[in-house]
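Here's the structure, in structure tokens; my notes come after.
The values are calculated or read from the model by the stated rules, or taken from the named source; none is laboratory data. It should be emphasised that the depicted structure is a prediction, and the values quoted were computed from it without experimental measurement. Cβ coordinates were reconstructed from backbone atoms using ideal geometry, including for glycine residues, and neighbour counts include every protein chain displayed. Quick note on the areas: whole protein, heavy atoms, side chains included, nothing else; ligands and nucleic acids left out. Shrake-Rupley method; radii C 1.70, N 1.55, O 1.52, S 1.80 Å.
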Amino acid sequence: MTALIIAGLVTGSIYAISALGLVLTYVSSRVFNFAHGAVGLLVAWCFYQFNTVWHWPIWAAATVSIVVIGPLLGLIMWAVLFRRLAHAAPLVRLAATIGLSVVVPPVIVLVFGTDLVYRPTGLAGSSTELVDVLGVNLNLSQLMVVGIAVVVAVGMGLLLRYTTLGLTMRASVDSPTVAALHGTNTDLVTAGAWMIGSLLAGLSGVLLIPFLGLETGDFLLAFIASFAAAVIGRMRSLPVTFVGALVLGVVQETSVLYLPQGAQFTGLRSCVPFVLMVLVLVIYNYWRPEPADTARAMDTGETGLPRAVMRPVTRRAVWTVGGVVVLALPLIVGGFWLGLIALGVTLGVIFLSYTLITGMGAMISLAQISFAAIGALTAGELATLQGWPVALAILAGGVVAVPFGLLIALPAMRWAGLYLALGTLAFAFLVDNLLFKLPRYDDYGSGIAVDRPTLGSFTFDSDTSFFYLALVVFAIIGIVVVRLRSTTTGLLFGAIRGSERATTSMGFSVVRAKLTLFAGSAFVAGLGGALYASYLGRAAPQQFAATVGLIWLAVIVTVGARSVTAALLAGVLFTVMPQLFSFYLSQQWQDVPAILFGLGAIGLANEPRGVLVHATSTIRRLLARFTGGTDVPDRPPPGEPELVTAGRATRSTP
Amino acid sequence: MSPKKWSEDVSHTITGRSTRLGILAMAACLTAATAAACAGGGSAANGGGSCSSDGVSASEIQLGAITSLSGANGPAFSPFADGVKARIEAQDAEGGVGGRKLVLSTSDDGSDVGRNLAAARELVEGRDVLGIMEGSSFAQGGGDYLKRQGLAVTGYAINQEFEKNANFIGYSNIQPGASSSTATTRLWGTYLQQHGATTVYAVGSGTPQGARAATALVASAKAVGLREGVLTTDLPAGTTDYTGEAQKAKQAGVDALALPLTPAQSLAVIAAMRQAGVAPKVSLLLSGYDPAILKSGSSIEGISFVVPFAPFELGLPAHKTFADAMAKYTDNGRSGQFSMAGWLSADLMIAGIKGAGSCPTRDNVLSTIQGLRGYTADGLVPSTDFGPATHGTPPTCSYFVTIKNDAFVPDNAGKPICTTDTSPVTF
């Protein structure tokens, strides 16, 4: 037991190192940086390059990578990205940092190549010195991690609380205007905070080299597990985060004594951080009188397609031409490209669930992929193992996802913004580790088979028939979503986005509205997930990994989270684009699609409404200039509130 | 701050460079998508010559390779593509097969199941290939599709598809992992026993596959009379520190390690064991036989590896041919487990095409491979009779190497080590 606790303290210190950097960045910039781990990994690679490849001494490699490159990266990130994000809505901030975390790993491959690195050495070099701590031998790397975690927790805590620099940093974040009135150059201060934040990310990266190697997957997973510690510290307190991380490590390490072993339970221990995270989120928010951050979080900072700004004739023409092209696609496009597009349309159905929850409800859910997974597994279970007709099983996939949606909705009532995102992310990891780790559904990584649906004696076997089927399903849900906007419930969400409190005081039930939305979006995601699996022929675990859900969110927000058309486009781009690069360009371009999607998400800092809105307005402007006509002003449709960026009053058009 | 007007927002974003970049890229993609679609839809079997079938024309034979060049598995698996390329180019340098040049298209599955299917379809429908060489942990994505197509898929049999589907054929017919989906053999236990093991430690990553591999190693050990020390099947994803594992092993009196983990994880486990004072007589790694591991800097003396082909250290003529071709036809010329797997997969495909006569088709190439007897890939694999008897079964013989003085030294004087009792061990 003592040995396990000591092992747990070491693991906990590793979590602490990563969580402390996250919290510090959050305290000093109000941005929860999903890319924190990716930045750490990048700096770790630099250290490896200097120390191991170029044989620089450890101190020189450490100084250049941690003290020079780390802060420099922070400065660049701040100048290019986070400076613009400080006032953006939480959704946009989150999507942009997720975008950054998507971009960094392929960039690392481009810069450092793909050579395998097995056991890179860290700050302790190849020292083999051991210290006996209560009967457990610890090496220099482990002792360093524990020691530095303590120093960072205490040092940075003191810095923030008692030094002028720390106080200025906090003031600049809490109230930039007041801080500026006091003569503080807030830009300079936040830039400084970012430099410190990414110095810490780099320090964590280099410190963790001996434990994580330079494996992208492990690195990012370890950082995500450490989110639990940051949540325990309420994103504020460095000492509490530190203690939380230690508790997390010890619980995870000692849980081996209590958790059942066996093929059914392989994912249980991986769940520990996420169970802890959900528990803490529920407890913290239960006693809080009001969901914090509401006004800011409610605001997506993004509106739907400015559909009413087009002249009715033009709009009709665009829709007719677009509709004809889409319907005629099987005539224009053949072979596997049509298959990719059909798959993209099913993904578009899943993305419509984001249109509901994020676009309409202004809530950030990272659990949509889990609803899709539940839908897909239900379809597999019922159709393949229980012998149901596939079409019915796919529909059941949507229905079964609903109670899970409600399950999340209940605690989520009191979560807002970042906490909602983290809570749903934890749920996604739980589904990932529990459901898909069941041998029944995992089948050694092969997943469970889901056939193509049939209608009478007709089977949707061909790409063409499946394409139309997916399109019909998409169209039906799309029309419902569009119609929903002008119903009382839809308008109610407009009101909730504006002010939850005002809506409640007018006698509307926010709770019921949110429950409806979560249930609806879970249904859509479940149905889409089942359809998606049916096209692929199976529901495989890797397809529905929680980390893929992060990328989905970044993609849909990039293209446009409130538009039905954007959902379709995002789905199709997601499946077609990588194959285009693979087919027409050489292997050297294989990482480009990921980089482009990431850059798109980062681009949200400039255009929070998504690429589609931006593209349509640009095209319209160009057309107007070309025809010499007057441009129709960019204005939201009557009755729809304009929500440009957070913290601003909403404005209805006259 | 006064609220910005909508129009100001738009004009602001028009100058936003990164957004513009994104839009340009997407617009370019959409244009390209249409063009691609037209081209893709119009492709048909190459005509010409008296004999033409899918992927075969008078002068060329189209072949495809699928592996993970990008994504999580990219770094480990991309050498597979190099190995395939080297073997194909070397064959073309000798004039191809039957006067036809072999043309290779490689498709990246991005470490993703969905993209694996797309890659398979791209090769079958877009490139109209005669056969496919595949090395990917995500082969289940295109598995059902390729099974329906019925063309030969040779490859690195690390995936269940190579056990389930008759047209998926591992380069030595068996599958090289710890067990098949139903059983293991006494081979692993035999090897550990030969090195004086009595109490075995095995750990699997926290996935059902990892758990099964670890359990199989323990079952194999128990089948030859060894004792189970510790069996951990729920290692958390992204585990960073193995101090706890080492403590458990120490208390159980473990003297042998059997590790079906990634090489980096295995080395970390071994380091943690040494640190805790566990001194195993044998540490067997199921993967990691790669020259790069010798430069890892950590203490690797005495670690043993399973090698699913004749180890490079034997210096056979075929090894030299391989190394020369890798140096000549690939960018980094890296020799290792994955590049050799690619080379062998292509070699088996070429053997199938050669044996199919003057008019190779998808059908006769597959049946030729299934009928190969005494195939050795110039001595790189033990003599193999293809066909259903050993298709996708766990190995009863394998090469092993052990690190001595920072070099791989083949065990058993370079001959494969076998188990005498070849009956399956179920668990």
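General observations
- Relative intensity of the protein assembly as shown on a log10 scale, I(q)/I(0) at q = 0.10 Å⁻¹, equals -1.31, per a Debye sum over C-alpha point scatterers of equal strength in the absence of solvent.
- Approximate spin-label separation A:R501-A:I619, in nm, with each point projected 7 Å along Cα-to-Cβ: 4.3 nm
- More than 24 Å apart - percent of Cα-Cα pairs taken over segment A:301-413: 49 percent
- Efficiency of FRET between B:R373 and B:T321 - r from beta-carbon atoms, R0 25 angstrom, step 0.05: 0.65
- A DSSP coil position with no more than 13 other Cβ atoms inside 10 Å describes the following chymotrypsin sites (Phe, Trp or Tyr not before Pro) in segment A:184-273: A:Y258.
- Local net charge near A:G40, Cβ-Cβ under 14 Å (Lys/Arg +1, Asp/Glu -1): -2
- When the charge dipole of chain A is built from unit charges on Cβ atoms (+1 for Lys and Arg, -1 for Asp and Glu) and taken about the Cα centre, the candidate among A:G99, A:M413, A:S534 whose Cα reaches farthest toward its positive end is A:M413.
- Gyration tensor verdict on segment A:1-107 (Cα atoms; rounded if a/c is under 1.5, prolate if a/b is larger than b/c, oblate otherwise): oblate
- Each helix, a run of at least 4 DSSP H residues, gives -39500 (n - 2.57); summed and divided by the residues of chain B, these come to -12500 deg cm²/dmol at 222 nm.
- Sites B:A407 and A:W54, calculated FRET efficiency, Cβ-Cβ separation with R0 22 Å, nearest 0.05: 0.30
- Sequence-distant residues sharing a close amide H with A:W56 (under 5 Å, placed H): A:N51
- Couplings for segment B:307-317, taken from phi via the Karplus curve 6.51 cos²θ - 1.76 cosθ + 1.60 with θ = phi - 60°, read 10, x, 6, 4, x, 4, 5, 6, x, 5, x Hz in order; Gly and Pro are left as x.
- Our estimate of slack between B:S358 and B:I417, defined as 0.36 nm per intervening residue step minus the Cα-Cα distance, is 17.3 nm.
- Gyration tensor (alpha-carbon) shape descriptor, segment B:317-409, a/c threshold 1.5: oblate
- Short-range pairs are left out: with C-alpha atoms under 8 Å and at least six residues apart, the relative contact order of chain A is 22 percent.
- Here the label points at B:Q251 and B:K101, each 7 Å from Cα along the C-beta direction, are separated by 6.6 nm in the simple model.
- What the Cβ-Cβ distance of B:F427 and B:S383 gives, at R0 = 45 Å and to the nearest 0.05, is a FRET efficiency of 0.95.
- Taking all protein chains as shown and a probe of 1.4 angstrom, A:R119 keeps an accessible surface of around 50 Å².
- About the centre of its Cα atoms, chain B shows a dipole size close to 380 debye [charges on the beta carbon of Lys, Arg (+1) and Asp, Glu (-1) only; nearest 20 debye].
- Structure note, pairs B:K101/B:K328; B:K281/B:K404; A:K437/B:K147; B:K101/B:K164; B:K295/B:K404: Cα-Cα distances above 20 angstrom occur for A:K437/B:K147; B:K101/B:K164.
- Pairwise label distance in nanometres, A:S175 with A:R483, each label 7 Å out on the Cα-Cβ vector: 5.0 nm
- Inter-chain neighbour count for A:135-141: the average number of beta-carbon atoms from partner chains within 10 Å of each residue's beta-carbon is 4.
- For segment B:55-151, the dipole from Cβ point charges (+1 on Lys and Arg, -1 on Asp and Glu) about the Cα centre works out to 160 debye, to the nearest 20.
- Partners for B:K415 among aspartates and glutamates (Cα-Cα distance below 14 Å; same-chain residues under 8 apart left out): B:E313
- 10 Å Cβ neighbours from other chains, averaged over peptide B:63-74: 4
- Karplus-based coupling profile of segment B:404-420, in residue order and whole Hz: 10, 6, 6, 9, 6, 10, x, 6, 6, 6, x, 9, x, 9, 10, 9, 6, with θ = phi - 60° in 6.51 cos²θ - 1.76 cosθ + 1.60 and x standing for Gly or Pro.
- Prolate/oblate/rounded call for segment B:335-375, Cα gyration tensor, a/c under 1.5 rounded: prolate
- Placing +1 on the Cβ of every Lys and Arg and -1 on the Cβ of every Asp and Glu, with no other charges, gives chain A a dipole of roughly 1940 debye about its Cα centre.
- Portion, in percent, of the accessible area of the protein assembly as shown that falls on carbon or sulfur, probe 1.4 Å: 63 percent
- With Rh defined as the Kirkwood radius, the inverse of the mean 1/r over Cα pairs, the Rg/Rh of chain B is 1.04.
- Compared with the alpha-carbon gap, the fully stretched path from A:V67 to A:T163 is longer by 32.5 nm at 0.36 nm per residue.
- Net charge of neighbours whose Cβ lies under 13 Å from the Cβ of A:W388, counting Lys and Arg as +1 and Asp and Glu as -1: -2
- Averaged over peptide A:607-618, the number of partner chain Cβ atoms lying within 10 Å of each residue's Cβ comes to 5.
- What the protein assembly as shown shows is 36 Å² of accessible area per residue, with the surface traced by a 1.4 Å probe over protein heavy atoms.
- Sequence-distant residues sharing a close amide H with B:S105 (under 5 Å, placed H): B:L63, B:G64, B:A65
- Rg and Dmax of segment A:66-158, Cα atoms only, in Å: 18.7, 52
- Order by protection proxy (mean Cβ within 10 Å, highest first), peptides A:510-520, A:9-19: A:9-19, A:510-520
- Helix-only [θ]222 nm of chain A, DSSP H runs n ≥ 4, -39500 (n - 2.57) each, per residue, nearest 500: -22000 deg cm²/dmol
- Under the Karplus curve 6.51 cos²θ - 1.76 cosθ + 1.60, θ = phi - 60°, whole-Hz ³J(HN,Hα) for segment B:341-348, x wherever Gly or Pro sits: 4, x, 4, 5, 4, 5, 4, 5
- Once A binds B, the 1.4 Å probe can no longer reach about 8200 Å² of accessible area, counting both sides.
- Residues of segment B:149-164 with an amide N closer than 17 Å to a point placed 7 Å from the Cα of B:C51 along the Cα-to-Cβ direction: B:152.
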